[in-house]
Amino acid sequence: MSTVPTIALNNGVSIPQLGFGVYQVPPEDTKEATLTAFEVGYRHIDTAEMYRNERGVGEALRESGLDRSEVFVTSKLNNGFHAHDDAIAAFEESLEVLGFDYLDLFLIHWPLPGIDIDFVETWKALEEVYRDGRAKAIGVSNFQANHIRRLVQETDVVPAVNQIEVHPYLTNDDVRAVNAEHGIATEAWSPIAQGLVLDDPVITGIAKAHGKTPAQVVLRWHVQRGDIVFPKSVTRSRVEENFDLFDFELSDSDLGLITALDKGQRTGPNPDEFNWIP
Ligand code: NAD
């Protein structure tokens, strides 16, 4: 049914390149929103303990009639649980709330370079849940180049993904290059910059030329750059629009024009400075 390509992660696990993100979807709406995404054809959901809506994702999966194995689900370790034992307990809590016996991918949500607990300790806890099979893959989020280099040097398992902010106004190509150098797949969060890039004349112009919408053009740019994306919307027509990316192709010139829009503009926090514990 799905036309979504898959990407092989560095441990052989296969991930759909396009998924559905549930950040800022209210907990009480998450089951319905996720069920809509499943109906449209999405088979990859990106949630986090911080979003407080893992329960709705698990409920949607059971209500959809899909088999657990048909859907790729990612969750993330919340910032208050970086100490080894806390990380294991938080992982187990995520599984329990989702109602799953494994996660497809579990990430350290933020590196928190300013807190007392070193993310290398946190990563060792993730390695344990990976080795015992309860996480099919493990990775990181918001890790900068120096954070990635430290993990690779000081630990055994290379992260399968690094989920970072990427969109036309923040192409983040330096971190993407370090990810690629180590065989780490890049996941692009806020892929349409929460809507900010959709009125850009370069993007609206390319959209018009292809008979597609600005959101489709930007998501297609990510896909052709090889990144994994999971746009968020609770509006069915947009959920459908964001899934309909595989019947057109951007030219090298289109790709270059969009990449040239980079101005280093973040919509979210700078990971070097962000040390917030909820
Ligand atoms: P996004 O770039 O996906 O933008 C979402 C917003 O854009 C929606 O609220 C909606 O208002 C609008 N929108 C969506 N589709 C549209 C369309 N077709 N046309 C016009 N407007 C449209 O931003 P996001 O939700 O911040 O990011 C996507 C996902 O990335 C999240 O749901 C979450 O899973 C993940 N994420 C991760 C982190 C992290 O720290 N790891 C941070 C932010 C987001």
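The values are calculated or read from the model by the stated rules, or taken from the named source; none is laboratory data. Remember, predicted model here, so these are calculated numbers, not experimental data. Because the Cβ atoms are built from the backbone with ideal geometry, glycine has one as well, and the counts that use them run over all protein chains shown. Side chains included, ligands, DNA and RNA excluded: accessible areas come from the protein's heavy atoms. Shrake-Rupley method; radii C 1.70, N 1.55, O 1.52, S 1.80 Å.
What you get for the chain, charging only the Cβ of Lys and Arg (+1) and of Asp and Glu (-1), is a dipole of about 560 debye around the Cα centre.
Treat every Asp and Glu Cβ in the range 31-113 as -1 and every Lys and Arg Cβ as +1, leave all other atoms uncharged, and give the resulting dipole magnitude about the Cα centre to the nearest 20 debye. For this selection, approximately 220 debye. Only alpha carbons enter this Debye calculation for the range 213-254, each as an equal point scatterer, and the log10 of I(q)/I(0) it gives at q = 0.23, 0.25, 0.28, 0.32 Å⁻¹ is -0.76, -0.88, -1.05, -1.26. Taking all Cα pairs closer than 8 Å and separated by 6 or more residues, the relative contact order of the chain comes to 19 percent. Measuring nothing but protein heavy atoms, the accessible surface of the chain at 1.4 Å probe radius is 47 percent carbon and sulfur.
Bridgeable lysines around LYS212 (alpha carbons under 28 Å apart, same-chain partners fewer than 8 residues away excluded): LYS232, LYS263.
Counting DSSP beta bridges with both partners in the range 1-151, what percentage is antiparallel, nearest 5?
Among the beta bridges of the range 1-151, antiparallel pairing accounts for roughly 20 percent.
Along the range 52-64 the Karplus relation, 6.51 cos²θ - 1.76 cosθ + 1.60 evaluated at θ = phi - 60°, assigns HN-Hα couplings of 6, 10, 4, 4, x, 5, x, 5, 4, 4, 5, 6, 5 Hz to successive residues, with x for each Gly and Pro. Looking at the chain, the accessible area is 41 square angstrom per residue; that uses a 1.4 Å probe and ignores ligands, DNA and RNA. Identify, among PRO201, THR186, ASN172, the residue whose Cα sits farthest towards the positive end of the charge dipole of the range 139-255, taking +1 on the Cβ of Lys and Arg and -1 on the Cβ of Asp and Glu, with the dipole about the Cα centre. Looking along the dipole axis, the top candidate is PRO201. Adding -39500 (n - 2.57) for every DSSP H run of four residues or longer, then dividing by how many residues the chain holds, sets the calculated 222 nm ellipticity at -11500 deg cm²/dmol. Under a model in which nothing but the beta-carbon of Lys, Arg (+1) and Asp, Glu (-1) is charged, the range 176-263 shows a dipole of about 220 debye around its Cα centre. Shape class of the range 1-82 from the Cα gyration tensor (axes a ≥ b ≥ c, square roots of the eigenvalues): oblate, since a/c reaches 1.5 or more and a/b does not exceed b/c.
Note on ASP173 and ALA8: the model spin-label points, each 7 Å out from Cα along the C-beta direction, lie 2.8 nm apart.
Loop-located GluC sites (Glu not before Pro) in the range 239-275 (DSSP state other than H, G, I, E, B) with a sparse environment of at most 12 neighbouring Cβ atoms within 10 Å: GLU249, GLU273.
Distance between the pseudo-spin-label points of GLU154 and ASP101 (7 Å out from Cα toward the beta carbon): 3.6 nm. Between the range 110-170 and the range 198-245, the alpha-carbon centres lie 28 Å apart. Taking the DSSP bridge list for the chain and keeping only pairs wholly inside it, about 15 percent are antiparallel.
When the square roots of the Cα gyration tensor eigenvalues are ordered a ≥ b ≥ c, the ratio a/c for the range 122-257 is 1.5 or more and a/b exceeds b/c, which makes its shape prolate. Please say if the chain is rounded, prolate or oblate, where rounded means a/c under 1.5 for a ≥ b ≥ c the square roots of the C-alpha gyration tensor eigenvalues, and otherwise the choice is prolate for a/b larger than b/c and oblate otherwise? In terms of gyration-tensor shape, oblate. Cross-link partners of LYS136 among lysines, defined as those whose alpha carbon lies under 17 angstrom from its own and excluding same-chain residues fewer than eight positions apart: LYS76, LYS124. For the range 195-270, taking the reciprocal of the average inverse distance between every pair of different Cα atoms yields a Kirkwood hydrodynamic radius of 13.1 Å.
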